[in-house]
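Every number in this text was worked out from the coordinates using simple rules, so none of it is lab data. Values in this document were obtained by computation on a predicted structure and should not be read as measured data. Neighbour counts run over all protein chains shown; Cβ positions are idealised from the backbone, glycine included.
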Amino acid sequence: MAQSVVYADLRFAKVMGGRSMASQALEAALGMDEAESPYENTQPAPVGQDGDGAQPSPGRWSQWWCIAVGLLAICLLLLMATVALGACYWQVTRRLQDTSRQHAAEQGRLSQELSTRQQSLEQTRLELVWARAELQRAWREGNSSRLELGSRDAELGRARQELAVLERAMQEVQGKLNNSESTVAILRSCTAIDCCPSGWLLYRGKCLFISVEKKTWEESRDECEKKYSQLLVTKSWSRWTVPAFLKNADIPYWIGLQKSSFPWYEYDLLEEVDPEGEGVSDAWFWVDGSLYERPWQWKSNGSCAIISRGSIKPALCAGPDDLHLWICEKPAGPSSPFMA
């Protein structure tokens, strides 16, 4: 009775919806067609005499056994696929974990190296800042040293100029000292009487002759030459050593100073007087050939010079109103030729 009900249910399900999805999958797995389906070949079992159902036939048991074996094979295949997939998953997971660990280790190493590089870069930057500060300080010190060196050079130049001036002054003082020593030696060898001839005046190592008549400058020069002397040269006298009779008296005297072209015996002074070779006629010379450095405010309104009240002044050399007294000089000493 139960088998009849099952068979009827299966037939009804086939009529209503055709084969189920499970039947189709099962038939595909076992390679069976619709003619071999157990539900198609099932026949109602005859009911026994004692009321029990009929026993299944051997063909039905073989069909159920094939189904069970197929299902078991499918389960085994699924289990093997699951195991294979699990093994693959485990291997992939392990590889991913190893790769992740390697990546983490590499990232840590790179992070540490980056930190080291950053520290090195920061140290290099600090050293660069320090080197730049040192360079600026050295540059400032160099500029200061250069300025100080320039100042020292300027001071050295001024010191050299002062030293040159002092050397020239010392040479002049030494020359004056030598002249003074020679004068003193001469004066020691003579007395006031025999150092100068009669009518001459001894003053600061010179024998002076003061005329009592007036002549022109050239005539006065000739008169001094006749006496083996020359017109007075006062370049070695200062304003404090001029004789009192010349400083206080208002009497002009001719002296040995004249404006002229360059003297033929002193060509070596030409460059000192006028380097361009112009204006030589405005130069004034003593009769001994030395140059007279006249004051800048001195007006040359004559070609000869006189001394009056201790000052040297220009005057006209020859003219009806240009007659003056004159003064001759020559070195004092017993060996000097004395001619009146």
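Modelling each spin label as a point 7 Å along the Cα-to-Cβ direction, I'd like the ALA133/ARG101 distance in nm, to one decimal.
A separation of 4.9 nm, rounded to one decimal place.
Which length gain, in nm to one decimal place, applies between LYS247 and ARG117 when the Cα-Cα distance is subtracted from 0.36 nm times their residue separation?
Taking 0.36 nm per residue and subtracting the Cα distance, the gain is 37.1 nm.
Could you compute the net charge surrounding GLN119? Neighbours are other residues with a C-beta less than 11 Å from the C-beta of GLN119; K and R count +1, D and E count -1.
Result for the neighbourhood of GLN119: 0.
Given H placed on each backbone N at 1.01 Å, which residues far from TYR203 in sequence or on other chains put an amide H within less than 5 Å of it?
Amide H neighbours of TYR203: LEU208.
Once both labels are modelled 7 Å past Cα along the beta-carbon direction, what's the GLU148-LEU323 spacing in nm?
The answer from the label model is 7.6 nm.
For GLU213 and ALA164, compute 0.36 nm times the residue count separating them, minus their Cα-Cα distance, and round to one decimal in nm.
Fully extending the segment from GLU213 to ALA164 adds 13.0 nm.
Of LYS235/LYS330; LYS226/LYS247; LYS215/LYS235; LYS259/LYS313, which ones are farther than 18 Å apart at the Cα?
LYS226/LYS247; LYS215/LYS235
In whole Hz and in residue order, list the ³J(HN,Hα) couplings for region 197-204 that follow from phi through the Karplus curve 6.51 cos²θ - 1.76 cosθ + 1.60, θ = phi - 60°; x for Gly and Pro.
x, 5, x, 9, 10, 8, 8, 6
May I ask you to evaluate 6.51 cos²θ - 1.76 cosθ + 1.60, the Karplus curve with θ = phi - 60°, for each residue of region 127-138 and list the ³J(HN,Hα) values in order in whole Hz, giving x for glycine and proline?
5, 5, 4, 5, 5, 5, 5, 5, 5, 5, 5, 5
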